[in-house]
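Inspection log for the structure reproduced underneath, given as structure tokens.
The values are calculated or read from the model by the stated rules, or taken from the named source; none is laboratory data. Please read these numbers as outputs of a predicted model, since none were measured by experiment. Virtual Cβ from ideal backbone geometry, glycine too; neighbours counted across all protein chains shown. All accessible areas refer to the heavy atoms of the entire protein, side chains included, with ligands and DNA or RNA removed. Shrake-Rupley method; radii C 1.70, N 1.55, O 1.52, S 1.80 Å.
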Amino acid sequence: MTDTALSFNDIVVRYGATTAVDGATASLPMGAMTAIVGPNGAGKSTLLKASLGIVPMAAGTAQFFGQPLDAARARVAYMPQRASVDWDFPIRVIDVVLMGMQRTLGLLRPIGRANRAFAFECLERVGLTEFATRQIGALSGGQQQRVFLARALAQKAELYLLDEPFAGVDAKTEAAIVTVLRDLRDAGAAVVAVHHDLATVPQWFDRVLLLNRHVIASGPVAQAFTPALLQQTYGGALPPVLAA
Amino acid sequence: MGADFVTLSLVPLLIAVLAAVACALPGNFLLLRRQAMMGDMMAHSVLPGLIVGFLLTGQVSGWVMFAGAGAAALVSALMVEAITKLARVDPGAAMGMTFTTMFASGVLLLELSGASGVHLDVEHALYGNLESLIWLDGTGWASLTDPVALAGLPPEFGQLALVAMVLAVLLLVFWRWLVMASFDAGHAAVLGLPVGVISLGIVVATAVASVAAFTAVGSILTIAMLICPPAAARLLTNRLGVQVWLSLGFAAISAILGYVAAGYGPIWLGLSGAVSAAGMIAVVSGLLVAGAALFGPHRRAS
């Protein structure tokens, strides 16, 4: 249970002259749901993307289960921000879910009945089976977010990295996503989500990583999610809901 | 249709179809990745390379010109990279600057070198020379089985057939990678797909198709065939596989209808002579897009 799923080791990311992440170090355990929180521009998404090799790191390393990413890709699922893709793309819901199985399917192996059945199972877990053959653009924002989650589930990973999974979704989607993520955690997986709604952190997450270009604190909610540390993370911009 | 058709029309028609198909294949992915401007760029930028190839060998067609055009495509791709980084403009603007400069320098080269007057002049750069790609050894349908006559086919035919075939095979083999990297590059990269190589591969495929098509059909038809058939197909389906097949069908239909209309249209209208086949093919492909936009089921709601 206390095995490390993901560790950031002094990660630095620069966009031109801007330093987006400035020496982030933290270690996130298996069997827990961790929220990465911090103000806008704190480098939350960037930290995830850099550790996954999507944006280049200026310095530092990320380790997955104590190994570099290349040795652990099969165990890592990534769910990008919904706004990062073109939902007008001519593809059906089920085909997006099948993308999660790329590592088993490879380039040319035909998609078999078992693959399709498993993709449906993943859709069922997010409550979208009836939309399987719809074009992705025909879905609501919350449904699109759940398609992304189903694609991540199809990878059968042990570490799930989610970028703003609750951004702009309806209450039904919110509940569905939380249920699925808790099931994953209870099965021993690690869930790490970039999150911006401070009010729901204690309710949904076990641990929190406070980030403002560097790590302010990382630990169980009871220890790290304190007014003093939040004040330090957000400076004067602390949302009123927690300022009290 | 008799011997005249085989000698005068069969090969230009087939070359037009092959050029259209070769361009439509990578065009589907340019469209999805919102890189349609890339087609514009490639189809214009190859001109100076073609002329340098011609000046070196004195031949209007052949592999040296192909190589020259390929080199020009590469140079223009590097120029876009450099302008984007150094001048801090978006890639579309960088492409706009690059291809106009490349094409203009090609025009200047043409005028200064005395290359114009052969089959290389500004008009041919724009419209190609489809009508002149006749098959003198093709004296009837029987020539299709005569190895000696087949050896006399214009070299553009072989080049385009090879390019279309290779691009089709690559598209089939790398289909899943192309789709995943085009839809969600970040997710594909985390799964271990070489997204940078895939993007580069699409650019190279576009360059190769443009170069092969350019010598035969000119820049206007090359641009039209890269974008119009996929755009029309996109409006008729929400399945990518169906879109690609439809785009190939539209490419072939444009080529055939356009070629026939260019040859016979003026006569039907009571005029004399024929109009540019490449121009007419491009017009037909544009009309197909208009038709799909007006009557297709998947036109954008907003």
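Some notes on this structure:
- The local environment of B:Ala94, defined by Cβ-Cβ distances under 13 Å, has a net charge of -1 under the rule Lys, Arg +1 and Asp, Glu -1.
- Between A:Val208 and A:Ala35, A:Gly219, A:Val221, the built amide H atoms are under 5 Å apart, and every one of these is 5 or more places off in sequence or on another chain.
- Filtered trypsin sites (Lys or Arg not before Pro), the range B:194-300: DSSP coil and at most 14 other beta carbons within 10 Å: B:Arg299, B:Arg300
- Pairs of Cα atoms in the protein assembly as shown fall into 10 Å distance bins, from 0 up to the last occupied one, in shares of 4, 16, 23, 21, 16, 11, 7, 3, 1, 0 percent.
- Projected label distance in nm at A:Gln203 and A:Thr25, using a 7 Å step from Cα toward the beta-carbon: 3.6
- Top of B:Phe29, B:Phe103, B:Phe174 by mean-square fluctuation, Gaussian network on chain B, Cα under 10 Å: B:Phe174
- Derived from the Cα gyration tensor, the three semi-axes of the equivalent ellipsoid of the range A:77-156 are 19, 13, 12 Å, largest first.
- Accessible area per residue, Å², chain B with all protein chains present, probe 1.4 Å: 43
- Average other protein chain Cβ within 10 Å of Cβ, residues A:65-75: 1
- Dipole-positive endmost among B:Ile223, B:Phe183, A:Leu211 within the protein assembly as shown (Cβ charges, Cα centre): A:Leu211
- Of all accessible heavy-atom area on the range B:1-135, the percent that carbon and sulfur account for (1.4 Å): 68
- Size of the range B:169-302 as Cα extents on the principal axes (Å, biggest first): 63, 37, 24
- Whether the range A:19-165 is rounded, prolate or oblate, judged on the alpha carbon gyration tensor where a/c under 1.5 counts as rounded: prolate
- Each Lys and Arg contributes +1 and each Asp and Glu -1, all at the Cβ; summed about the Cα centre of the protein assembly as shown, the dipole is approximately 1320 debye.
- When B and A come together, around 2500 square angstrom of accessible surface is lost from both chains combined, probe 1.4 Å.
- Accessible surface calculations at 1.4 Å, restricted to protein heavy atoms, place the range A:77-156 at 41 Å² per residue.
- Selection from B:Thr7, B:Val203, B:Gly53, by position along the positive dipole direction of the range B:1-217 (Cβ): B:Val203
- With a Förster radius of 60 Å applied to the C-beta separation of A:Asp170 and B:Thr139, the computed FRET efficiency comes to 0.25.
- Two-site FRET efficiency, A:Asp186 against A:Ala83, from Cβ-Cβ distance with R₀ of 35 Å, rounded to 0.05: 0.70
- Computed log₁₀ I(q)/I(0) - Debye formula, equal Cα scatterers, no solvent, the range B:1-217, q 0.10 Å⁻¹: -0.50
- Evaluated with a Cβ-only charge set (Lys, Arg +1; Asp, Glu -1), the range A:1-141 carries a dipole of roughly 300 debye about its Cα centre, given to the nearest 20.
- Cα gyration tensor shape for the range B:201-269, rounded if a/c is under 1.5, else prolate or oblate: oblate
- Amide H contacts of A:Val215 (H built 1.01 Å from N, under 5 Å, at least 5 apart or other chain): A:Thr25
- Distant-in-sequence amide contacts of A:Ala20, defined by a placed amide H-H separation under 5 Å and a gap of 5 or more residues or a different chain, comprise A:Val13, A:Arg14, A:Tyr15.
- Burial ranking of peptide ranges A:198-211, B:248-261 (average Cβ count within 10 Å, highest at the top): B:248-261, A:198-211
- Among A:Arg151, A:Arg134, A:Arg213, the largest mean-square fluctuation in a Gaussian network model of chain A (Cα springs under 10 Å) belongs to A:Arg134.
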